[in-house]
Amino acid sequence: MTAVLMGIGSFLPPVTVTNDDLSRTLDTTDEWIRTRTGIRERRFVSEGISTGSMAVTAGERALRSADVSGVDAVVVATTSPERLCPAVAPEVASRLGLGPLAAFDLTSACSGFLYGLATASGLIAAGTADTVLFIGSEAFTTLVDPADRTTAPIFGDGAGAVVLRRGEPDAPGALGPFDLGSDGALADLLAIPAGGARQRSADGGLGHATVPTGDWYLRMAGRPLYTQAVERMTQSAQAALKRAEWSAADVDWFVGHQANIRIVRAVAEELELPGERVAVNIDRVGNTLAASVPLLLNDYAARGDLKAGQRVLLSAFGAGLSWGSTTLVWPEIRAESVD
Ligand code: UT7
């Protein structure tokens, strides 16, 4: 038995920030951001909206899409948690009225959705849960220095959720074999130095050194990450295809993590997938980390571009470094459009 997709939902916060908005306060231009990243606008969380509330709304929509009122476990992938402790998943489960069930968070940055799918599949395969609500939710713009032109234009906020159930491996929506990997030797390429146990104190109290303000924000080495992203996503996607016994010609849609349009296109080119089979929404949402892949799936399904029976290749790469890929045949499910 394996995990089968039976519902999907997503949420975008209402505040839209365009490249022109950013260039009012940052030394950048719409032209630079568009041509280097493919991003035109992104959403920002605002008062009253955060990782937990976005997860609840996306989760509600996924439950509605699956036409179920209960599940056996809730997993939230996020690298922008509400608080360092506790995990947000129990609160999300509680706010959704799902009862005292298994609920936990998972941190795997931009590959969080692939790691989460694999984890949810594991819960189902082991018989721990028959149904899982899995949500990727990110308010990562709150962790990015608004004055840093090398990171501020790239990220956006949002959430995407899926409901998975136990089913046969040949059922439509059944997740294929996974390829997952990591390289912790390159952890510093994308990191937020402070806030965790290693570098925690803001005031130098308790014998800790004072933390420089910039260490509370994301630090990113864009160029080397770019190279790693193309290489790792390509290799991972190829490994998942091989395990599923698919060739690139079998793939109707490549749904890759939206970090940079140039990365997505370079990976597709390496995989010999033509542009018309490459799903893209980075222009409207930016890089939303663990929410990226489900937001993209929801977008394409809601407007009818992603149809039942089509073969989908999912792949993601991010901080850790970490990466992952899998395959599925899209099932007959309802997806609501989010603006
Ligand atoms: O989500 C998964 C993990 N993240 C990634 O995979 C991100 C991977 N990296 C990237 O997507 C790209 O490296 C970036 C979009 C971050 C940067 O694009 P790039 O083409 O690699 O630019 P660069 O960092 O090499 O910078 C080129 C120039 C530099 O100026 P000089 O040194 O050539 O004079 C930068 O200072 O562009 C400058 N620059 C900017 N100029 C205008 C950097 N950011 C900006 C900006 N506006 N916002």
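The values are calculated or read from the model by the stated rules, or taken from the named source; none is laboratory data. Keep in mind the model is a prediction, meaning the values are calculated, not measured. Positions of Cβ are generated from backbone atoms using ideal geometry, with glycine treated the same way; all protein chains shown enter the neighbour counts.
Points worth noting:
- Single residue of segment 110-126 satisfying the filter (of a type in the set (A, V, I, L, M, F, W, C) and within 13 Å of the ligand (Cβ to nearest atom)) that is surrounded by the fewest Cβ atoms within 10 Å (Cβ to Cβ): 114
- Top-ranked residue in segment 84-104 [being surrounded by fewer than 24 Cβ atoms within 10 Å (Cβ to Cβ) and within 19 Å of the chain's Cα centre (by Cα); ranked as nearest to residue 233 (Cα to Cα)]: 104
- Breaking point among (1) away from the ligand (no atom under 12 Å from the Cβ); (2) not in a loop (DSSP other than H, G, I, E, B), for residue 129: (2)
- Condition met for residue 51 (within 16 Å of the ligand (Cβ to nearest atom), modelled with pLDDT of 95 or more, outside the structural domain of residue 285 (by TED's automatic domain parsing) and buried (at least 17 other Cβ atoms within 10 Å of the Cβ)): no
Okay, residues lined up against (1) surrounded by 22 or more Cβ atoms within 10 Å (Cβ to Cβ); (2) farther than 26 Å from residue 141 by Cα; (3) within 14 Å of the ligand (Cβ to nearest atom):
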| site | (1), (2), (3) |
| --- | --- |
| 255 | yes, no, no |
| 285 | yes, no, yes |
| 288 | yes, no, yes |
| 310 | no, yes, no |
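- Residue within segment 21-40 that is within 16 Å of the ligand (Cβ to nearest atom), touching a residue at least 40 places away in the same chain (Cβ under 8 Å), buried (at least 21 other Cβ atoms within 10 Å of the Cβ) and in a strand (DSSP E or B) present: no
- For segment 268-282, the count of residues that are without any contact (Cβ under 8 Å) to a residue 24 or more places away in the chain, in contact with a strand residue (DSSP E or B) (Cβ under 9 Å, 6 or more places away or on another chain) and within 13 Å of the ligand (Cβ to nearest atom) is zero.
- Residue 260 meets all of the listed conditions (1) within 11 Å of the ligand (Cβ to nearest atom); (2) over 15 Å from the mean Cα position of the chain (by Cα); (3) not hydrophobic (A, V, I, L, M, F, W, C) but one, namely (2).
- Once segment 1-20 is narrowed to residues that are within 30 Å of residue 332 (Cα to Cα), assigned to a strand (DSSP E or B) and of a type in the set (A, V, I, L, M, F, W, C), the residue that is nearest to the ligand (Cβ to nearest atom) is 11.
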